[in-house]
Amino acid sequence: MVDTVAGERRSARWFGVPGRPGFLHRSWVRAEGFTPEVFDGRPVIGIANSASELTPCNSHLGRVAEAVKRGVWQAGGFPLEFPTMSLGESLMRPSAMLFRNLMAMEVEETLRANPLDGVVLLSGCDKTTPGMLLGAASVDLPAILVTGGPMLRGRWRGEDVGSGTDVWRLTEEHRAGRLSADELLEAETCMNRSNGHCMTMGTASTMACVAEALGMSLSGSAAIPAPDAGRLRVAQRAGQRIVEMVREDGPRPSAILTRRAFENAIRANAAIGGSTNAVIHLTAIAGRVGVALELEEFDRLSADVPLLVDLMPSGRFLMEDFYDAGGLPVVLAELVRAGLLDGEARTVEGGTIASQVERSRSWRPDVVRTVADPVQAAGSGTAVLRGNLCPDGAVLKISAASPDLLRHTGRAVVFDSIEEYLETIDREDVDISSSDVLVLRYSGPRGYPGMPEVGNLPLPARLLREGVTDMVRISDARMSGTGYGTVVLHVAPEAAAGGPLALVRTGDVVTLDATARVLRVEVGDEELASRRAAWTPFEPPSTRGWTRLYVDHVLQADKGCDLDFLVGSSGDAVPRENH
Ligand code: FES
């Protein structure tokens, strides 16, 4: 192990310089009550904390930060915790995703502007994990991500209830008249029993697993429940490890976030039945480190990976069960054994991913299955569709769809906003049948800034009462990772960017053939051209501030919805002295 002497570290450019600048930097930090030894050249470790009472999933991260600090002190580092922007999926409007890139910018600039040698990133709720990873990737300081962990399982009337997934199911039951308002309130009270993020395999759990598969988190950390003491132990270990990483000068994110790491993460996402949001986040993170991920790679790399994890929304169990089973290392070990994962990829722990997971085995074979006996056969991951409705692609999560709808032709019923849709669908005379294809547009990155998670449109109440449980739905929006159904998402280009989705009319015939990877509107090129000539270009809804910047610069879903000027990285170069 190489321990660089005081003065060589990045932080020494603040604390180790003579004269007025060093005096200023040290003196103000000492006002926090630190003794002078903290400036003896030891690694200065930032703890980026996204805790907020407005983000219930992250509200407990203060305790996690304290555990990280213990580890940093223990290993001879100097921890400095700082708050970051926080993104609460359940509260933020119009969508937490509108602010993912803002959080990433804030994390990036805070890391670069301060005397930090390494950082531990604390996240939890959906967008906070990619927000942290995007920012850290563009700075490239040694970094470890620690998530806050999933909530304990929800329990109601003797049964498990899963975040999000059962919200959709129970509210549909209520709309169909099979569940009273009192019963719904009772379920609401019983669903969220502890701190932590959603305990289904929604976007938060997916991104925690994806970060671990990328090698940016400690092995086995993703599934530890938020209230479990193991969560604090892993945080303490991260504190120790980041100090070692600074002393050893790495591995830095650029050495971990390689093409093989992204390919592993894509395969792991297929094996866990992860969220479609991972497609967007992984593409954006890859863009920060110069790895060009094409949409089709998600399909190609998932094609021979079976679904191994039986968790909602694709299956039956919850994250607590996944933890009991051994967590993500069991999945990664099974994929390595089957030749479906590159075991040589490096992680923050310094070794290869294969060496870290080789002794893992499933303690709950009902929850984490084997490649020989999977939950669903290979090919149930993310299908990437093309066709005259989505020339730049669209995605469909096969494991969450109804097999009988994967090849379907039906009449399009088109809506220009989610509000228009919700106002319409519960009318008794609504002209929608179960074989129709529901189309929602102007809900993409620019059209409804932030691309909200409204793609899994609730079904019309009349059809729910008739027992209909799924319909083909198509949109340029996203879907919650906890959602399910035969839902085509991320249609690109979006309607607001002039994509062909803008040209579809109610009554057109639409064909979905997930087997052939085709999404098509059965309208001739000539007719589409004449509709385009008559189309009024979309005017963005906002005129100032962050939303203006976002709308003007956001890339389409197939490019990860990053801002065009944020792609790439600027490194950790020390900014000029503030004289
Ligand atoms: Fe935060 Fe689901 S609302 S993870």
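Residues that are surrounded by fewer than 23 Cβ atoms within 10 Å (Cβ to Cβ), in contact (Cβ under 8 Å) with a residue 24 or more places away in the chain and either in a helix (DSSP H, G or I) or at positive phi (or both) within segment 343-357 comprise G350, Q356, listed in sequence order. In segment 117-138, of all residues being among the aliphatic types (A, V, I, L, M) and touching a strand residue (DSSP E or B) at 6+ places or on another chain (Cβ under 8 Å), the one that is nearest to D249 (Cα to Cα) corresponds to V119.
Going by the structure shown, is L232 touching a residue at least 60 places away in the same chain (Cβ under 8 Å), surrounded by fewer than 24 Cβ atoms within 10 Å (Cβ to Cβ), more than 30 Å from E466 (Cβ to Cβ) and within 16 Å of the ligand (Cβ to nearest atom)?
So L232 fails the test.
If you filter segment 156-174 down to residues that are touching a helix residue (DSSP H, G or I) at 6+ places or on another chain (Cβ under 6 Å) and not in a helix (DSSP H, G or I), you find that the one that is nearest to the ligand (Cβ to nearest atom) is V161. Among the residues of segment 425-455, those that are more than 30 Å from L549 (Cα to Cα) and either touching a strand residue (DSSP E or B) at 6+ places or on another chain (Cβ under 7 Å) or in contact (Cβ under 8 Å) with a residue 60 or more places away in the chain (or both) comprise D426, I432, S435, D436, V437, L438.
Of all residue pairs spaced 6 or more apart or on separate chains, those with beta-carbon atoms under 6 Å, a first member in segment 42-58 that is in contact (Cβ under 8 Å) with a residue 40 or more places away in the chain and within 16 Å of the ligand (Cβ to nearest atom) and a second member that is part of a loop (DSSP other than H, G, I, E, B) and among the aliphatic types (A, V, I, L, M) are N58/A51.
Screening A516 on (1) in contact with a Ser or Thr (Cβ under 8 Å, 6 or more places away or on another chain); (2) aliphatic (A, V, I, L, M); (3) in a loop (DSSP other than H, G, I, E, B) shows it passes everything except condition (1). Within segment 184-194, can one find any residue that is within 13 Å of the ligand (Cβ to nearest atom) and of a type outside the set (G, A, S)? For segment 184-194, residues within 13 Å of the ligand (Cβ to nearest atom) and of a type outside the set (G, A, S): present. Among the conditions (1) touching a Lys or Arg at 6+ places or on another chain (Cβ under 8 Å); (2) surrounded by fewer than 24 Cβ atoms within 10 Å (Cβ to Cβ); (3) of a type in the set (G, A, S), G455 misses just one, which is (2). Among the residues that make up segment 123-131, is at least one of them within 14 Å of the ligand (Cβ to nearest atom), in a strand (DSSP E or B) and either surrounded by fewer than 19 Cβ atoms within 10 Å (Cβ to Cβ) or touching a residue at least 60 places away in the same chain (Cβ under 8 Å) (or both)? Yes.
Conditions tested, residue by residue: (1) touching a residue at least 60 places away in the same chain (Cβ under 8 Å); (2) more than 17 Å from V336 (Cα to Cα); (3) out of contact with any strand residue (DSSP E or B) (no Cβ under 6 Å at 6 or more places or on another chain).
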| site | (1), (2), (3) |
| --- | --- |
| M201 | yes, yes, no |
| A204 | yes, yes, no |
| L218 | yes, yes, yes |
| I224 | yes, yes, yes |
| P253 | yes, yes, no |
| L257 | yes, yes, yes |
| I266 | no, no, yes |
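L141 meets all of the listed conditions (1) within 16 Å of the ligand (Cβ to nearest atom); (2) farther than 18 Å from P445 by Cα; (3) part of a loop (DSSP other than H, G, I, E, B); (4) in contact with a Lys or Arg (Cβ under 9 Å, 6 or more places away or on another chain) but one, namely (1). Reported count of residues in segment 278-292, each being β-branched (V, I, T) and without any contact (Cβ under 8 Å) to a residue 40 or more places away in the chain, is 1. Looking across D558, D564, D476, D525, one residue alone is surrounded by fewer than 18 Cβ atoms within 10 Å (Cβ to Cβ) and within 21 Å of the chain's Cα centre (by Cα). It is D564.
What helices (runs of 4 or more DSSP H) lie completely within segment 187-279 and have 2 or more residues being closer than 29 Å to G41 by Cβ?
229-247, 253-256
Of all residues in segment 79-116, those satisfying the criterion of being within 16 Å of the ligand (Cβ to nearest atom) and either assigned to a helix (DSSP H, G or I) or in contact with a strand residue (DSSP E or B) (Cβ under 6 Å, 6 or more places away or on another chain) (or both) are T84, A96, M97, L98, F99, R100, M103. Among the residues of segment 479-531, those identified as modelled with pLDDT of 95 or more and touching a helix residue (DSSP H, G or I) at 6+ places or on another chain (Cβ under 6 Å) are T486, H490, V491, A492, A495, L501, A502, L503, L528, R531.
The values are calculated or read from the model by the stated rules, or taken from the named source; none is laboratory data. What you see is a predicted model; the values in this text were computed from it and never measured. As a convention, Cβ positions derive from the backbone with ideal geometry for all residues, glycine included, and neighbour counts pool all protein chains shown.
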